[in-house]
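Novice: Let me begin by handing over the structure; questions about it come next.
The values are calculated or read from the model by the stated rules, or taken from the named source; none is laboratory data. Owing to the predicted nature of the structure, the values given are computational and were not obtained by experimental measurement. Heads up, the Cβs are rebuilt from the backbone with ideal geometry, glycines too, and the neighbour counts pull from every protein chain shown.
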Amino acid sequence: MISLDLRAAKFIPFLLRVSSWYCVVASAQSISKEIQVSEVHDSASLQQSVTLAQESQVRRPLRIALFGFGTVGSSVARILVESKLKSVELTHVFNRNVARKRVDWTPASVVWSDDADAVLASDVDVIVELAGGLDPAGGWVRRALEAGKSVVTANKKLIAYHGVDLERLAAAKGGHLKYGAAVAGGIPVIPGLEQGLAGDRIERMEGILNGTCNFILSSMEQGAEYANVLAIAQAKGYAETDPTEDVGGFDARSKLAILMRLALRVIVDPEEIVPQPITAVSAVDFSYARDLGCTIRQVARAEQTNGSVAATVGPMLIDLHSPMAWSRGTENMVILTGHYGGDVVFSGHGAGGHPTAVAVVSDLLALAHGSRRVEIPSVPARIGGEFKVPHYIRFTVVDRPGIVSEITGALAREHINIRAIVQKPGYPADALPFVVTVEPCKSSALQRALEGIRTMDCLIEQPLDLQMLE
Ligand SMILES: NC(=O)c1ccc[n+]([C@@H]2O[C@H](COP(=O)([O-])OP(=O)(O)OC[C@H]3O[C@@H](n4cnc5c(N)ncnc54)[C@H](OP(=O)(O)O)[C@@H]3O)[C@@H](O)[C@H]2O)c1
């Protein structure tokens, strides 16, 4: 006879066949106790049921070691401690010179260590790598996976450059590698691609992936000067002392490469994505952009058409009515265009300790509850495609007759159609900025035209060429 508490039945995590009966056994220990088996005709099935029930009874929380107790690491610890999660337990914190990192709000049982080898050799189940960079973080991750442990990381550089190899290693050794926090911080765009959008075929994506650049450019939109707003970003902890990774577009291209693998299903070398820095954008560009009904944001975009892959990162003009124009401060936004499902927009806090830590803790919970990633097949690809988009080109010249005809002539020779020529009054004749916008054309054709234009003696700085997102 089998008695089954129907309150348990609704949980249905797995089915066990007992004789000709199917009974539902919940994974929670308390629920498994509610099932009593007094008569069983199939001893093999009984053995299986007993083993699984025992396993569920002895299941202990996942033991978590934090590698790196900085902005994100300390926020992860804070959430783990405050949320009192039953399925995960913070057991170790590793950081160099760890004594200065120690806090009094973690459980006394937590081991604080500056010996990475000792923590890797301990009985922790999951290494949470939050130190950043390729080395030595990559070595710790590799060794943890080699040992069959799982790894959760927010390290976009490591995942962009070595994610495929590390995932293979994890699969071979029976562990898991999760990196939901590596792109767009607290916005669940990676879990969204791995789960909710896995059934679609994403053809195009564009996003604001770097909070520092978005803070700088959205402040410049309000009238701030680049140098001043960079200093504010550094003071607020949004930008590093050396901001090159962010303002140069290198951070965003790593994130774009990760998203391209999950969305477009292509494995690309991030170095093939040539980023354009935001440093060349100035107040005059925001003024001209406004006249054209646009603003400027750092955008990372990629698309796949007829087997050809195009990807780029840089400051671009975006329509004031586009959702991306609404993204201000350190916010991030990703727009994915699916063949079947159309546009899906993710937006929210793309950086910061707590938002990023939420993504890390969510990955930990997914591991603890045994949820498996959907395997998304991807193939190596070269970035050979080009976007055919309108461009904004700002020239700054010492004024003289014939400048416009020389520029339009060079563009015409490459069969590039002009959309508008805009010159605002009030600028001096010896440093006169004016703008030419052109109809959609290939970047290569425009670059050929600009090569000739760059030799004009009237130019006092290089023309600034920005894509316009439509
Ligand atoms: N902050 C964000 O908003 C954000 C958002 C998304 C993703 N991420 C990613 O999350 C990771 C952590 O970022 P974070 O902002 O938390 O950085 P962070 O504040 O600089 O923290 C890094 C921590 O790791 C420690 N560490 C670094 N190298 C180490 C080494 N070789 N040996 C031992 N300890 C080392 C640092 O110790 P010291 O104090 O001695 O330097 C520091 O405590 C990075 O991969 C980052 O890209 C961050």
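Novice: Note down all Cβ pairs under 6 Å where the first residue falls in region 242-257 and is farther than 10 Å from residue 300 by Cβ, the second is polar (S, T, N, Q) and more than 11 Å from the ligand (Cβ to nearest atom), and they're at least six residues apart or on different chains.
Specialist: Filtered contacts from region 242-257: 247/279.
Novice: Same structure, new question: Only one of these conditions is not met by residue 194: (1) within 16 Å of the ligand (Cβ to nearest atom); (2) under 20 Å from residue 357 (Cα atoms); (3) of a type outside the set (A, V, I, L, M). Which number is it?
Specialist: (1)
Novice: Scan region 336-374 for residues that are more than 19 Å from residue 59 (Cα to Cα), touching a Ser or Thr at 6+ places or on another chain (Cβ under 9 Å) and more than 16 Å from the ligand (Cβ to nearest atom) and jot them down.
Specialist: Within region 336-374, 343, 344 qualify.
Novice: Same structure again: The conditions are (1) closer than 23 Å to residue 301 by Cβ; (2) surrounded by 12 or more Cβ atoms within 10 Å (Cβ to Cβ); (3) at pLDDT 95 or above, and residue 378 fails exactly one of them. Which is it?
Specialist: If we test residue 378 against (1) closer than 23 Å to residue 301 by Cβ; (2) surrounded by 12 or more Cβ atoms within 10 Å (Cβ to Cβ); (3) at pLDDT 95 or above, just (3) comes out false.
Novice: Filter region 101-132 down to residues that are within 11 Å of the ligand (Cβ to nearest atom), part of a loop (DSSP other than H, G, I, E, B) and in contact with a helix residue (DSSP H, G or I) (Cβ under 7 Å, 6 or more places away or on another chain), then give me how many there are.
Specialist: Number of matching residues: 3.
Residue by residue, here is whether (1) surrounded by fewer than 18 Cβ atoms within 10 Å (Cβ to Cβ); (2) outside any helix (DSSP H, G or I) holds:
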residue: 290; (1), (2): yes, no
residue: 299; (1), (2): no, yes
residue: 302; (1), (2): no, yes
residue: 314; (1), (2): no, yes
residue: 340; (1), (2): yes, yes
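Novice: Mind checking which pairs have a first residue in region 444-457 that is assigned to a loop (DSSP other than H, G, I, E, B) and a second that is crowded, with 17+ Cβ neighbours inside 10 Å and β-branched (Val, Ile, Thr), Cβ under 8 Å, 6 or more apart or different chains?
Specialist: Between residues of region 444-457 that are assigned to a loop (DSSP other than H, G, I, E, B) and residues that are crowded, with 17+ Cβ neighbours inside 10 Å and β-branched (Val, Ile, Thr), the close pairs are 456/397; 456/403; 456/407.
Novice: So for region 235-246 (the condition being among the hydrophobic types (A, V, I, L, M, F, W, C) and touching a Phe, Trp or Tyr at 6+ places or on another chain (Cβ under 6 Å)), does at least one residue qualify?
Specialist: No, region 235-246 contains no residue that is among the hydrophobic types (A, V, I, L, M, F, W, C) and touching a Phe, Trp or Tyr at 6+ places or on another chain (Cβ under 6 Å).
Novice: Restricting attention to region 422-441, report how many residues are crowded, with 16+ Cβ neighbours inside 10 Å and either not aliphatic (A, V, I, L, M) or not in a strand (DSSP E or B) (or both).
Specialist: Number of matching residues: 4.
Novice: Residues in region 82-100: is at least one exposed (fewer than 13 other Cβ atoms within 10 Å of the Cβ), small (Gly, Ala, Ser), under 26 Å from the mean Cα position of the chain (by Cα) and within 22 Å of residue 363 (Cα to Cα)?
Specialist: yes
Novice: So residue 114 clears everything in (1) closer than 21 Å to residue 88 by Cα; (2) free of Cβ contacts under 8 Å to residues at least 60 places away in the same chain except one condition, right? Which one?
Specialist: Condition (1) is where residue 114 drops out.
Novice: Also: Which one is modelled with the lowest pLDDT, of the residues in region 342-358 that are outside any strand (DSSP E or B) and of a type in the set (Val, Ile, Thr)?
Specialist: It comes out as 356.
Novice: Taking residue 204 as meeting all but one of (1) at pLDDT 95 or above; (2) touching a Ser or Thr at 6+ places or on another chain (Cβ under 9 Å); (3) of a type outside the set (A, V, I, L, M); (4) under 26 Å from residue 137 (Cα atoms), write down the number of the exception.
Specialist: Looking at each condition in turn, residue 204 falls short on (4).
Novice: Would you check if there is a residue in region 451-469 being of a type in the set (Lys, Arg) and closer than 27 Å to residue 308 by Cβ?
Specialist: no
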